[in-house]
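Engineer: One structure follows; several queries about it will come next.
The values are calculated or read from the model by the stated rules, or taken from the named source; none is laboratory data. Just so we're clear, the structure is a prediction, and the values are computed from it rather than from any experiment. Cβ: placed from backbone, ideal geometry, glycine included. Neighbour counts: every protein chain shown.
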C-alpha cells in the first residue's frame with residue numbers, strides 16, 4: 001500500500017509506456033515484484049492517465065464485484081461474452097484500442113492468467129497483470145502459462161526516485177552531470193548528497209516507508225520504521241504461506257541476513273543455522289527468497305570473464321535484503337529507545353559500529369535496480385596471502401569486467417582490488433572503490449561516492 005497523498009516518480013512508468021507503444025498488441029504486461037513495492041499504485045496511475053477507460057479487478061478482494069468477475073471467467077461463452085459481462089459488472093464501456101483490463105494480484109485467481117492468451121488473441125484491448133512473484137510461481141500448477149506476457153520487475157524506489165520524493169531533484173541532476181564530467185561534487189554539495197543518501201538508507205525505498213518519512217514532520221524516523229516493521233511482518237507471513245514444506249528453513253535464512261552481512265567477508269554460512277547444515281538441504285530456501293524478490297543473491301564467480309555466470313561456486317554466496325531500509329529495521333533487536341538511537345546513528349554518521357553491511361546492501365540494491373545480476377569474487381589461500389582476495393561486486397561493461405569494492409569510509413587502500421586486477425589484468429576495465437569520499441581518480445581506479453553508485 002502507498003500513501004495516496006504522496007506521488008512517486010517511478011522510472012518503471014516509462015517502461016510501461018514503451019510496452020504500450022510497442023508491445024501491447026502482442027503481449028499483456030506482467031508487473032512482478034515483492035509485496036509493497038507499489039505495483040498496484042503504479043498501475044492505477046498508469047491506466048488512469050494513459051487510457052480512456054479501464055476495468056480494474058483486484059483479485060485479493062472478496063467483494064461482490066470481484067466474486068461476479070470470477071464467475072464471469074468461469075461461465076462466459078468465449079472472450080467476447082467475458083468482456084461484455086465485465087463491462088456490465090464494473091459499469092465501464094471499453095473502447096477498442098483505447099481501453100485496458102487490469103488483473104491485480106492475479107496469483108489469487110490463476111484462471112484469469114490462463115485467459116490472457118485468448119484475450120491477447122482477441123486483440124481489441126490491452127491487458128496488465130500484477131502480482132507477487134512467489135505467488136505467481138506457486139499458483140501455476142494446473143494452468144497453461146501464457147507465452148503472451150511481457151514481464152517487468154518493480155523494485156523498491158532507487159536513490160534517484162527517493163530524491164524526487166523528498167524534493168531534491170536538483171541534486172539528482174547534479175550527481176549525473178558530475179559523474180558524466182568525471183569531476184567531484186565539491187565541498188558542501190558533496191556533504192549534502194551524502195546526507196541525502198544516508199536518509200535513503202534509513203527510510204529505504206519501499207513506497208509505504210518513504211511516504212511515512214516524507215509525510216511525518218515531527219518524527220519521520222519513527223514513522224518510517226513502523227511502516228518497515230509492518231512490511232517485514234507481511235514477508236514472514238508470506239514465508240509461512242507459500243514456502244510449503246521448507247518454511248522453517250526459509251525463515252531461518254531470511255532472519256540471518258543481518259548477522260551474515262555484519263561479518264567482514266559477508267558470505268552466508270549455513271553453520272550459523274546448524275553446524276551440520278548442507279547447501280543441498282537449504283538450496284530451495286535461497287531460491288525461494290530470490291524468486292520472491294525479498295532478497296538479492298550474489299554468486300561467487302570463480303573465473304571472472306564476460307560470462308560471469310559460467311563459473312560459479314554455488315556453495316559460496318552472499319544474501320542481501322531487497323531494501324536497505326528494511327535491513328536496518330531487521331537488524332534491530334532492542335527496545336524502542338535503542339532502535340531510535342540506531343536510526344539516528346545511521347542518519348547522522350555516528351552509529352558506533354561497522355556500517356559496511358548497510359553500504360554494501362545499498363550498493364547491491366542499486367545494482368539490481370539497474371538491471372545487474374550480482375556476482376562477487378572470493379578466494380582464500382592459506383599458503384599465499386597474495387593469492388587471497390575479496391571483491392564485493394563484479395560488473396560487466398562490454399567485454400571487460402569492472403571490479404567494485406565498497407567502503408563505509410574514505411579509505412584509499414584496496415589490496416584485494418590490486419591483487420585481483422593484477423591476476424586478471426587482460427579482462428579488467430575500470431576499477432571502482434565506492435566510498436563516502438568525493439569523486440576522484442588515481443590511474444585506473446575511480447573513487448566513487450556511494451550516492452553515485454547508480455551511475456554504474
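Engineer: Any idea which residue in region 437-456 is nearest to the chain's Cα centre (by Cα), counting only those that are in a loop (DSSP other than H, G, I, E, B) and surrounded by fewer than 20 Cβ atoms within 10 Å (Cβ to Cβ)?
Structural biologist: 437
Engineer: Going through 145, 189 one at a time, which residue ends up being at pLDDT 95 or above and surrounded by fewer than 18 Cβ atoms within 10 Å (Cβ to Cβ)?
Structural biologist: None of the others qualify; the one that does is 189.
Engineer: Could I ask something else about it? Which numbered condition trips up residue 185, out of (1) more than 21 Å from the chain's Cα centre (by Cα); (2) touching a residue at least 24 places away in the same chain (Cβ under 8 Å); (3) in a helix (DSSP H, G or I)?
Structural biologist: Here residue 185 clears every test but (3).
Engineer: Testing residue 205 on (1) assigned to a helix (DSSP H, G or I); (2) crowded, with 20+ Cβ neighbours inside 10 Å, one condition comes back false. Which one is that?
Structural biologist: Only one criterion in (1) assigned to a helix (DSSP H, G or I); (2) crowded, with 20+ Cβ neighbours inside 10 Å is unmet by residue 205, namely (1).
Engineer: I've got another one for you. With the structure loaded, tell me whether residue 314 is touching a helix residue (DSSP H, G or I) at 6+ places or on another chain (Cβ under 8 Å), surrounded by fewer than 16 Cβ atoms within 10 Å (Cβ to Cβ) and either modelled with pLDDT under 85 or not assigned by TED's automatic domain parsing to the domain that holds residue 360 (or both) or whether it fails that test.
Structural biologist: yes
Engineer: Given the conditions (1) buried (at least 20 other Cβ atoms within 10 Å of the Cβ); (2) assigned to a loop (DSSP other than H, G, I, E, B), report the number of the one that residue 366 does not fulfil.
Structural biologist: For residue 366, the exception is condition (2).
Engineer: Okay, next question. For region 372-420, which positions are surrounded by fewer than 20 Cβ atoms within 10 Å (Cβ to Cβ) and part of a helix (DSSP H, G or I)?
Structural biologist: 385, 386, 387, 415, 416, 418, 419
Engineer: Can you run down the residue pairs with Cβ atoms below 7 Å, 6 or more apart or on separate chains, where the first is in region 289-311 and in the same structural domain as residue 374 (by TED's automatic domain parsing) and closer than 17 Å to residue 421 by Cβ and the partner is at pLDDT 85 or above and part of a loop (DSSP other than H, G, I, E, B)?
Structural biologist: Listed by first residue and then by second, the contacts come to 304/424; 306/399.
Engineer: Name the residues in region 20-38 that are farther than 17 Å from residue 113 by Cα and surrounded by 22 or more Cβ atoms within 10 Å (Cβ to Cβ), would you?
Structural biologist: Across region 20-38, the qualifying residues are 34, 36, 37, 38.
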